[in-house]
Amino acid sequence: MDDKKIQVLAAPLQGVTDNVWRMAQHNVFGGVDAYYAPFMRVERGEIRRKDLRDVDPERNAGITLIPQILACQPDHALIMVEALMQMGYNRIDINLGCPFPPIALHRKGSGMLAYPELAEALFKALAAVDGVEYSVKMRLGWDSNDQWRDILPLMEIIKPVHIAVHPRTGKQQYKGELNMEQFEALLAASTWPVVYNGSLRTPEGIEAVVGRYPGLAAAMVGSGLAANPGMFAPDATPDDYRRFHDLLVDGYTEQLNGGEAQLVRHLQDIWQTFLPGTNHKLFKAIRKSRNLDQYQNAASAALADVETALTAASSQE
Ligand SMILES: Cc1cc2nc3c(=O)[nH]c(=O)nc-3n(C[C@H](O)[C@H](O)[C@H](O)COP(=O)(O)O)c2cc1C
């Protein structure tokens with residue numbers, strides 16, 4: 001895009017877009033205005049340590065990071081808001097979109113969209129905290145694509161900076177049609193800025209959606225950016241992708257403390273989303289590697305063929 005006016009937000013992807021990924025993406029490629037951290041949550045009365053470490057400002061230096069909370073109970077949400085404010089954050093994103101059944105069936109994430117009374121209680125508790133503003137990331141509903149109609153009026157309680165909408169229901173998870181008709185109805189009904197999120201894989205794809213909905217506040221990009229972290233760096237070279245990958249290896253070597261086996265497993269997992277156009281044989285060699293040496297050899301071979309992989313990545317759904 002020559003004239004990128006629309007704000008580009010990096011969507012949170014649990015297990016992918018953590019601080020190591022964010023800093024590597026920012027340092028090597030860039031083009032992202034703000035990064036949304038994967039959700040944090042409270043387990044047995046405490047925020048998971050790993051979640052806190054991920055949003056530690058020192059590990060996110062130089063980027064705009066918006067932490068995200070996932071909770072059903074207001075007291076859990078408040079524990080996280082307080083901890084984040086102590087770390088210096090005054091913008092927090094509320095997750096009303098997670099479709100993962102163990103979460104959604106506990107009325108968290110997108111599951112809460114079927115229970116406006118729970119969202120209302122949560123919003124009221126959050127709105128009572130001074131010195132922090134919120135955004136919301138949501139879907140059209142949990143099991144029906146018009147449940148947003150009962151949620152939207154509740155936004156008045158928290159007066160969100162924006163509402164990012166993925167136009168599917170929670171039950172659809174990540175499959176099936178994007179319901180653009182309902183998205184348009186939400187966009188028309190919302191008095192709050194709306195961000196579009198869903199299947200944006202190229203700058204041209206973003207341009208098309210902005211052209212269709214000029215009122216959008218921003219475009220949020222998830223799996224497209226995980227697939228090609230250089231999406232906004234048209235002049236990126238194969239060396240840049242190698243450098244990006246090296247930063248991931250270094251970052252996870254430092255951050256994971258489960259030894260080489262855990263490190264290799266994590267690096268292998270990255271390839272579930274990274275460069276999905278990678279030649280099948282090379283991908284298999286990555287999956288089959290048994291130690292770091294084998295992994296590095298297989299990853300190097302795949303990265304040597306990055307141009308082919310990228311052509312496929314931009315057209316993949
Ligand atoms: C593996 C995975 C993890 C995700 N984790 C989160 C999360 O922590 N918080 C959140 O709000 N959305 C999460 N999402 C949803 C994405 O942020 C995004 O809304 C979704 O992938 C659709 O956008 P996309 O088509 O650009 O990927 C996740 C999605 C995937 C596939």
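The values are calculated or read from the model by the stated rules, or taken from the named source; none is laboratory data. Quick caveat: nothing in here was measured; it's all calculated off a predicted structure. Every residue, glycine as well, gets a Cβ built from its backbone with ideal geometry; the counts of neighbours run over all protein chains shown.
In segment 120-137, the condition of being within 19 Å of A189 (Cβ to Cβ), out of contact with any strand residue (DSSP E or B) (no Cβ under 7 Å at 6 or more places or on another chain) and either charged (D, E, K, R) or in the same structural domain as Q182 (by TED's automatic domain parsing) (or both) is met by at least one residue. Filter segment 165-192 down to residues that are more than 23 Å from L154 (Cβ to Cβ) and aliphatic (A, V, I, L, M) and give me whichever is farthest from the ligand (Cβ to nearest atom). My answer is M180. Scanning segment 288-303 for residues that are in contact with a helix residue (DSSP H, G or I) (Cβ under 7 Å, 6 or more places away or on another chain) and surrounded by 12 or more Cβ atoms within 10 Å (Cβ to Cβ) yields S289, L292, Y295, A298, A299, A301, A302, L303. As for segment 241-252, it holds at least one residue that is among the acidic types (D, E), more than 16 Å from the ligand (Cβ to nearest atom) and assigned by TED's automatic domain parsing to the domain that holds T278. Once segment 231-245 is narrowed to residues that are in contact with a Leu (Cβ under 8 Å, 6 or more places away or on another chain) and surrounded by fewer than 21 Cβ atoms within 10 Å (Cβ to Cβ), the residue that is farthest from Q25 (Cα to Cα) is P238.
For segment 174-215, taking the residues that are touching a strand residue (DSSP E or B) at 6+ places or on another chain (Cβ under 8 Å) and among the small types (G, A, S), the one that is surrounded by the most Cβ atoms within 10 Å (Cβ to Cβ) is identified as G198.
Counting just the residues of segment 254-263 that are loosely packed, with under 14 Cβ neighbours inside 10 Å and in a loop (DSSP other than H, G, I, E, B), which one comes out modelled with the highest pLDDT?
In this case the residue turns out to be N257.
Selection of segment 193-230 for residues being closer than 28 Å to R243 by Cβ, within 11 Å of the ligand (Cβ to nearest atom) and of a type in the set (A, V, I, L, M) yields L200, I206, A219, M220, V221, L225, A226, A227.
Taking the criterion of being surrounded by fewer than 17 Cβ atoms within 10 Å (Cβ to Cβ) and under 17 Å from Q147 (Cα atoms), the only residue of segment 78-105 that qualifies is L105. Considering S144, S135, the condition of being in contact (Cβ under 8 Å) with a residue 12 or more places away in the chain, surrounded by fewer than 17 Cβ atoms within 10 Å (Cβ to Cβ) and polar (S, T, N, Q) is satisfied by S144 alone.
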